[in-house]
Each structure stands twice: as structure tokens, then as C-alpha cells.
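The values are calculated or read from the model by the stated rules, or taken from the named source; none is laboratory data. Bear in mind the structure is a predicted one, so any value in this text is a computation, not a measurement. Positions of Cβ are generated from backbone atoms using ideal geometry, with glycine treated the same way; all protein chains shown enter the neighbour counts.
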Amino acid sequence: MSFCIKCGTQLNDGDAFCVSCGNPVVEEKQALQIQPQTQSQPTLCGDTTPVVPGRGSSVAGMILGIISSLYGLVFSMIVIRTLIRLNQYGWYDWYEQAEASDNVVLIMFFSVLPVLAIVFSVIGRSKGDKTGISKSGLITGIIGLVLFVFALILDIFI
């Protein structure tokens, strides 16, 4: 003899539903059976980002690329300003201007930055970081390298 688990009405053997409330009859074995717990996948918090291989190299490449682009722009502007002054005051003393200038040494020293930016970005991309960080590091490194080469060519040959 069994009873409905919802309303307590006595049930007959073989009943599929309670005659009083319509609740489906559950066998006692099924009711007592404990459901096995499944391991749930850990959820990411809102501020947690997944670990991407090569992300550190890409971030270093992006930072170096931005710095090298800024330095390349500054050195290009310095060289252009020097050329404008030479054009205004005459080219007769350009030897003295060139000898007094240490731009070439500074440009050569800081031109390592865009090369490092490109190297770190390529390393990050080869390790699997295909995000915008590695692309921006690569692009800003190339822009910085072009600006440094431009400033170096202007400073040396003109």
C-alpha cells in the first residue's frame, strides 16, 4: 500500500496517477534514488580573462611599439626642425650644425626599440596570441622603425 506524496491519498497498486490530485505516482525506489552529482565546469568571474599563450610577449611588443613610434616621431620632428633652420639661415654652416648634433647617436641608440617591439610581437603571435594586442605591437613597431629610418636618413644625408 502506498500513498500520494503530494496530497497523502491512498493509492492502489498499478495506479500511474493519484485519483485525488492527479500527481504522477513515483515508485519508492525512484524517490529514494540519489542523483549522482556531475562535476560542473568552473565559471569565469567577470574580471578573469583566460590565459592565452604568448600574451606577455604581445603586451611587451605593443608597449615597446607605442614608445618607439613616439620616439621616432619626436626624432623625425627634430631632424625636420633642423632642416628648416638650415634652410632659413643658409646652408653655408651646415658642417658646423652637423658636427654639433648628436642626433645620429641618439637615433641609433633608440632605434633598438622598434626592432624589439617587432620581435616581441612576432614571438607572441608564434606562441598563439592572435589578438589585436600582437597586431598593434607589430604595426606600431613597424611605424616606429619607419620613422627612425626616416629620421636617420634625413639626419645623415642632408
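Quick notes on this one:
- The residue list I153, I142, I80 contains one member that is surrounded by 17 or more Cβ atoms within 10 Å (Cβ to Cβ), at pLDDT 80 or above and assigned to a helix (DSSP H, G or I), which is I142.
- Just one of the listed residues (S101, S134, S69) is of a type in the set (S, T, Y) and modelled with pLDDT of 85 or more, namely S69.
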